[in-house]
Protein chains: 4
Amino acid sequence: MSLSLAAARDLVARANRMIANEGVLDAFGHVSTRHPSDPSRYLMSRSRAPELVQPEDIHEFTLDSQIVKPIKERLYGERVIHGEIYRARPEVMAVCHHHAPSILPFCISGMKLEPVYHLGATIGAAAPFWDARDDFGNTNLIVAKPEEGASLARALGKNWIVLMRRHGATVAGRSLEELTFRTIYIARNAAVQIQAHGLGHVSPLNAEERRLAGDYNLQPGPVARAWEYWSVRLDKAEGRARTGRRSVAASARKLAAKRR
Amino acid sequence: MSLSLAAARDLVARANRMIANEGVLDAFGHVSTRHPSDPSRYLMSRSRAPELVQPEDIHEFTLDSQIVKPIKERLYGERVIHGEIYRARPEVMAVCHHHAPSILPFCISGMKLEPVYHLGATIGAAAPFWDARDDFGNTNLIVAKPEEGASLARALGKNWIVLMRRHGATVAGRSLEELTFRTIYIARNAAVQIQAHGLGHVSPLNAEERRLAGDYNLQPGPVARAWEYWSVRLDKAEGRARTGRRSVAASARKLAAKRR
Amino acid sequence: MSLSLAAARDLVARANRMIANEGVLDAFGHVSTRHPSDPSRYLMSRSRAPELVQPEDIHEFTLDSQIVKPIKERLYGERVIHGEIYRARPEVMAVCHHHAPSILPFCISGMKLEPVYHLGATIGAAAPFWDARDDFGNTNLIVAKPEEGASLARALGKNWIVLMRRHGATVAGRSLEELTFRTIYIARNAAVQIQAHGLGHVSPLNAEERRLAGDYNLQPGPVARAWEYWSVRLDKAEGRARTGRRSVAASARKLAAKRR
Amino acid sequence: MSLSLAAARDLVARANRMIANEGVLDAFGHVSTRHPSDPSRYLMSRSRAPELVQPEDIHEFTLDSQIVKPIKERLYGERVIHGEIYRARPEVMAVCHHHAPSILPFCISGMKLEPVYHLGATIGAAAPFWDARDDFGNTNLIVAKPEEGASLARALGKNWIVLMRRHGATVAGRSLEELTFRTIYIARNAAVQIQAHGLGHVSPLNAEERRLAGDYNLQPGPVARAWEYWSVRLDKAEGRARTGRRSVAASARKLAAKRR
């Protein structure tokens, strides 16, 4: 059932570019995936903007966030975010750390992020906050040391997103496709929550609705549908989708086939 | 007067892509049209993001929302939204269900959506709310059962849009062109209503103005003008509009001719 | 000094597309220019979305807003906005009517639009409101009758923009280039005024600053610089600007030469 | 270590286009760099929109803001902003003056701009205000006279950004890459500060965090990563990035090599 290593590298590179293409990642942030056959390793790009990440940029890391085969290029400074979450949460297969424009206002104001429509229910039971100040005092806010990563992983707990005060968010998923869905739709949910707040009243999903709607939307069908959409949009943005209906449809079919 | 089936499939596929290209639909939502010669059937895509829908994706459904010729691909889970509205409203020829970013804040806050400029008068007399909780308690918010679709259709009543709490909106029209116009301009109206609310005071059209302006804007002239615009923009986005004035004009003429 | 008729048609078509390409015009709205050699006539497109307007769509109209050589295609319903302003204001050489998303919140809320940065000083001394209700009671809000156009022109008075309640704005200029500059920068000014309002305090230019900054920015230099920018952006959007520095520069030079 | 003059012209032209491509500069504003081998001169474009600036548009200016080899084209009216800052601050190697939509609301409202996430810490210790009215009374707001430039440079002091009331901002850097990073991320920081303000509470970095995070992000690694990202995005926008992974990666490598 597991992907080949080559397919996993291709997929995690594509997830980086897809999430960037939807405006959630910019020059910074990163997406990783657990190694498809060795759960004690994860795959992540060398240091470069997610929108530019190609399969050949993807390297293997241990759960201590050490690169398996050293390279001369720079690595991401915040690798421990990924390593410590993979260590703490065996079921997590993919992690995204980002500074999305719609999520940051929550990280700055301390306002509670809540699922306000069904697609935002992928937040899960709660979106806890983590503040580097609590355990480490005044820092550069970068999560670079193993103990910082471990502290963040504890704050995440059994949830799927943790909001980092004055910094951004870290999101987890049981697959790259689920992670991509959750990352993008939580960002969309945040944007509409801000607008609803401006209208004076926010009426979120209740606990049962968020559980039911979260389960529904994370089924293979909805997740694959969204993945195909963002994937074709990426192809268009990268100039790979040609004109005319035939080629777009063909490209979509090819993508769908790859994922099977 | 009625379109051929092939032309109707082409048109409903195009309406999906046009509304998506204007930012109202994303990975989710769907546009359908009543069958051009059999009012007991409607035409809708198999399950895929509206921006990707091609004529060959369009299938026939009964008003019970059963597919006429079963296929192996997934179908939309919320087909009953369409089937129940076509059943309840014989004059409705097209339906769009969406989660537009400018509409959701109303669905979340409960703020009344009102026509605040003449093009928003296509809302009609009222934009009622529907809450799945009222009839069905806590659900995943998906309108998948016939009784849920029927409940939503009752909330729509004789209106042209119904706002679904914590979910999105469903819009109806007497043609695909009218539906497209209403869907996009209500989303635009919602966005400016939110901004006007932020300035402290919203002064909407009164009842007579909304009736007069709604009637004016839904005449064939304005509707065709907007359709041409969104259609050429779609062609550009899909790489079909070539450079230079001649080809753009030619493409527009061809589209106009198709619609006659 | 005056343009040839062919050059004027080309220029007014391009101004339509440029202002649309900057997001100020959408499916509706229109840009006209006074006839370059006959001040009793003006040039405007037949009815189509401004982004699509080509030189061959431009026709001549009398100041009564009658077309000089009748055509079979539809004409804009609100031609009298243009005709009545050209009649009332001999120095006005170009007019734009639009429903820009940043301007509408002022038209809806009644909030006073003010120059809040130097480029917004092109508003001029004041941005008066006009409400169709005052002279005509409840209407469809469309300015289609000569007396409606004349009422609007009176509300404009000696100013350069008039805000139409629940409808949009009409802007005037002493040339197409000046009109384009004023139209776009007033829309930008409105957007930042809304954001500044959200921060709790708006401190606009005072009367002398707005006069001095308005005069400075409407000099030929700044106006030509902005026109070149929007023009090259239009060329890119229409696929006419090729890759590489040489061709973009060449295209810009050609545009600059045309305008001399 | 210093760049050749040709490379510096290329780089400053590219920085103009990159910052414009990210939406911070529009028809107005400008980016300059100090001459790579003669600290008493700086390099800046003749008067044209930053998005259009090519290496051949770049000319040499003295610190009095006089062009070294006169040309017949127009020059920017606000050259003294650059000249006076280079004179007052020997370590400054690059300057950008702009009117970014997210920065203007601070210039209009007088709201304090603060680093609200780590990437905004590039603001530095403070973002002081300057008001032309204080020293010069009512003006056209244009900083065109040497004494106006000198007054602005005094307000900037030892900081890296100065907010100009009812006008825009001027940003300084120790290299073009640092300037580009600071300019874009301060604009992003401003946008999320506005949104956080709308949620009711802004909790900025404290003094030690802003110093530590500012130092971290302005290291060569993060700055080069962001530069590569904006540079490849510019290439895409200008039609120079071809389809497929190979060419994008090649183009990125070439850019990285150029900067070494």
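State in Å² the accessible area per residue of the protein assembly as shown; use a 1.4 Å probe, count heavy atoms of protein chains only, and round to the nearest integer.
Dividing the accessible area of the protein assembly as shown by its residue count gives 35 Å².
After finding the eigenvalues of the alpha carbon gyration tensor for the stretch B:51-122, what semi-axes result from the square roots of 5 times each, listed largest first in whole Å?
Working from the Cα gyration tensor, I get semi-axes of 29, 16, 13 Å.
Can you work out the base-10 log of I(q)/I(0) for the stretch B:13-61 at q = 0.20 1/Å, using the Debye formula on its C-alpha atoms alone?
-0.60
Taking the highest mean first, how do the peptides A:200-206, B:19-25 order by number of other beta carbon atoms within 10 angstrom per residue?
The peptides rank, most packed first, as B:19-25, A:200-206.
Taking K and R as +1 and D and E as -1, what net charge do the other residues with C-beta under 10 Å from the C-beta of residue D:163 add up to?
Local charge sum for residue D:163: +1.
Apply 1/(1 + (r/R0)^6) to the Cβ-Cβ distance of residue C:208 and residue A:74, taking R0 = 56 Å, and write down the FRET efficiency to the nearest 0.05.
The formula returns an efficiency of 0.55 here.
Going 7 Å from Cα along the Cα-Cβ axis for the label, what nanometre distances separate residue B:68 from the same residue across the other copies?
Ordered by distance, the counterparts are at 5.5, 5.5, 7.7 nm.
Positive end of the dipole of the stretch D:66-114, charges at C-beta (+1 Lys, Arg; -1 Asp, Glu), about the Cα centre: which of D:100, D:80, D:70 has its Cα farthest in that direction?
Comparing the listed Cα positions along the dipole, D:70 ranks first.
At residue B:200, with labels set 7 Å past Cα in the Cβ direction, how many nm apart are the copies from this one, shortest first?
Values, ascending and in nm: 1.5, 1.5, 2.1.
Heavy-atom accessible surface, probe 1.4 Å, ligands and DNA/RNA ignored: which residues of the stretch D:126-147 lose at least 40 Å² versus the isolated chain?
D:133, D:138, D:140, D:141, D:142
Give me the dipole magnitude in Debye, nearest 20, for chain C about the Cα centre, with unit charges on the beta carbon: positive for Lys and Arg, negative for Asp and Glu.
Computed charge dipole of chain C: roughly 920 debye.
Work from the charge dipole of the stretch C:131-202 (Cβ charges, +1 for Lys and Arg, -1 for Asp and Glu, about the Cα centre) and give the residue of C:162, C:173, C:192 farthest towards its positive end.
C:192
Can you pull the three principal axis extents for the Cα set of the stretch A:10-160, in Å, largest first?
42, 33, 29
For the stretch D:1-96, what does the relative contact order come out to in percent, with C-alpha contacts under 8 Å and a separation of six or more?
27
Using only alpha carbon pairs under 8 Å that are at least six residues apart, calculate the relative contact order of the stretch A:64-156 and give it in whole percent.
40
For B:71, C:186, give me the order by solvent-accessible area with a 1.4 Å probe, most accessible first, ignoring ligands, DNA and RNA.
B:71, C:186
Rounded to the nearest 20 debye, what is the charge dipole size of the stretch B:42-159 about its Cα centre when +1 sits on each Lys and Arg Cβ and -1 on each Asp and Glu Cβ?
60
So the label point goes 7 Å from the Cα of residue D:158 along Cα→C-beta, right? Which residues of the stretch D:87-115 then have their backbone N under 14 Å from it?
What the label zone holds, given the 14 Å backbone N cut-off, is D:89-91.
Using just the helices of chain D, give the 222 nm mean residue ellipticity in deg cm²/dmol: DSSP H runs with n ≥ 4 each add -39,500 (n - 2.57), and the total is spread over all residues, rounded to 500.
Taking each H run of at least 4 residues, the total per residue is -14000 deg cm²/dmol.
Using label points projected 7 Å from each Cα along Cα→Cβ, tell me how many nm separate residue D:67 and residue A:125, to one decimal.
Here the modelled spin labels are 6.9 nm apart.
Binning every alpha carbon pair distance of chain A at 5 Å from zero, what are the percents per bin?
1, 6, 13, 18, 19, 17, 13, 7, 4, 1, 0, 0
Dipole of the stretch D:1-93, Cα-centred, from +1 at each Lys and Arg C-beta and -1 at each Asp and Glu C-beta, to the nearest 20 debye?
180
Roughly how much accessible area, to the nearest 100 Å², goes out of reach of solvent when A and B pair up, both sides summed, probe 1.4 Å?
Between A and B, the summed buried area is about 3600 Å².
Thinking of the stretch D:139-211 as a set of Cα atoms, what percent of all their pairs are more than 21 Å apart?
Every Cα pair in the stretch D:139-211 considered, those over 21 Å come to 41 percent.
For chain C, with all protein chains present and a 1.4 Å probe, just round the carbon and sulfur fraction of the accessible area to a whole percent.
Carbon and sulfur atoms account for 52 percent of the accessible area of chain C.
Report, for residue B:4, each distance to the same residue's label point in the other copies, shortest first and in nm; define the point 7 Å along Cα→Cβ.
4.5, 4.6, 6.4
Across the residues of C:196-206, average count of Cβ atoms on other protein chains within 10 Å?
Mean partner shielding for this stretch: 6.
Label residue A:41 and residue B:6 with points 7 Å out from Cα along Cα→Cβ: what is the distance between them in nm?
Those two pseudo-labels are separated by 5.5 nm.
Quote the relative contact order of the stretch B:134-181 in percent (integer), defining contacts as alpha-carbon pairs under 8 Å separated by 6+ residues.
Normalised by residue count, the contact order of the stretch B:134-181 is 21 percent.
Consider all pairwise Cα distances in the protein assembly as shown and report the whole-number % of them above 46 Å.
29
Could you let me know the centre-to-centre spacing of the stretch D:1-17 and the stretch C:49-84, using Cα atoms, in angstrom?
After rounding, the separation between the Cα centres reads 49 Å.
Ignoring solvent entirely, what values of log10 I(q)/I(0) come out of the Debye formula for the stretch B:100-241 at 0.10, 0.16, 0.18, 0.19 Å⁻¹ when each Cα is a single scatterer?
-0.38, -0.90, -1.07, -1.14
What residue of chain A sits with its beta carbon nearest the rotation axis taking A to C, and at what distance in whole Å?
A:198, 4
Using a 7 Å offset from the Cα along the Cα-to-Cβ direction at both residue A:219 and residue B:136, what is the distance between the two label points in nm, to one decimal?
1.2
The values are calculated or read from the model by the stated rules, or taken from the named source; none is laboratory data. Predicted model, so just to flag it, every value in this text is computed and none were measured. Methodologically, a virtual Cβ is constructed for each residue, glycine included, from the backbone with ideal geometry; neighbour enumeration extends over all protein chains shown. Note: areas computed on protein heavy atoms with side chains; ligands, DNA, RNA excluded. Shrake-Rupley method; radii C 1.70, N 1.55, O 1.52, S 1.80 Å.
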